[in-house]
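Novice: After the structure tokens below, expect a handful of questions from me.
The values are calculated or read from the model by the stated rules, or taken from the named source; none is laboratory data. All values reported here derive from a predicted model rather than from experimental measurement. When we count neighbours, we look across all protein chains shown, and the Cβ atoms used for this are built from the backbone with ideal geometry, even at glycine.
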């Protein structure tokens, strides 16, 4: 776009306020979860005792609640938000998508990729991957919160399952065997195992996706110069030619 005069540029409103708030709340909560999760994952090597692990896991779960509520709100917003926030415009499905992806990829390699107000066809693949991983991490994280430190939404049911005396559930605490039936506790840990395996595996997948997402946004912004990064602050993008998905 270097040859396009400033007078030929047009600014378009793209991301609504709710979508931008979701993005930055998600960014902050995921960053916090990764930081806390990393310390928890290597707590043994760091010499952190049981009390320290419970404290870390408590903050991890509380941050996770913010993350999950924000993510679920985005799922809802995908049905009621503006046209660029809706799932039809965000996910890599629909008639003609593969042709759009081929056209965009070829143009990107040539240096004249078609402009998109919303997510371009390549970006839609990244968004789909990120949402799939984030939803899976949110679901598995809630299960782990209930089976590890007995937090909602599953903690109460888990306590009832493993208790020797169900009239004294308050006696059951993380890393304590008080009022815990050993046999049922071991059964619960078997149920928990695939969730922790999934959660830990997706931790590394998420790190890779975040790195690819940031790199893709930076490269696209440099090559196309339409404000893809600044748009998540202002909601607006700038183009010298009519974007493919513009409906004026």
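Novice: Give the residue that is surrounded by the most Cβ atoms within 10 Å (Cβ to Cβ), with candidates limited to residues of the stretch 166-175 that are without any contact (Cβ under 8 Å) to a residue 40 or more places away in the chain and under 15 Å from residue 151 (Cα atoms).
Specialist: The qualifying residue surrounded by the most Cβ atoms within 10 Å (Cβ to Cβ) is 172.
Novice: Scan the stretch 100-111 and tell me whether some residue there is modelled with pLDDT of 95 or more and either exposed (fewer than 12 other Cβ atoms within 10 Å of the Cβ) or in a loop (DSSP other than H, G, I, E, B) (or both).
Specialist: Checked the stretch 100-111: at least one residue is modelled with pLDDT of 95 or more and either exposed (fewer than 12 other Cβ atoms within 10 Å of the Cβ) or in a loop (DSSP other than H, G, I, E, B) (or both).
Novice: Quick one: how many residues across the stretch 219-234 are under 20 Å from residue 8 (Cα atoms), under 21 Å from the mean Cα position of the chain (by Cα) and part of a loop (DSSP other than H, G, I, E, B)?
Specialist: 2
Novice: A further question follows. State whether the residues of the stretch 83-93 include one that is part of a helix (DSSP H, G or I), surrounded by 13 or more Cβ atoms within 10 Å (Cβ to Cβ) and in contact (Cβ under 8 Å) with a residue 12 or more places away in the chain.
Specialist: Yes; the residues of the stretch 83-93 include at least one that is part of a helix (DSSP H, G or I), surrounded by 13 or more Cβ atoms within 10 Å (Cβ to Cβ) and in contact (Cβ under 8 Å) with a residue 12 or more places away in the chain.
Novice: Separate question: Quick test for you: out of 190, 222, 180, pick the one residue that is loosely packed, with under 15 Cβ neighbours inside 10 Å and modelled with pLDDT of 95 or more.
Specialist: Being loosely packed, with under 15 Cβ neighbours inside 10 Å and modelled with pLDDT of 95 or more holds for just one of 190, 222, 180, which is 190.
Novice: I would also like to ask the following. Does any residue in the stretch 136-156 that is on the phi > 0 side of the Ramachandran plot and in contact (Cβ under 8 Å) with a residue 24 or more places away in the chain come within less than 8 Å, Cβ to Cβ, of a residue that is part of a helix (DSSP H, G or I) and buried (at least 22 other Cβ atoms within 10 Å of the Cβ) six or more places away or on a different chain, and which pairs are these?
Specialist: Qualifying pairs under 8 Å: 150/158.
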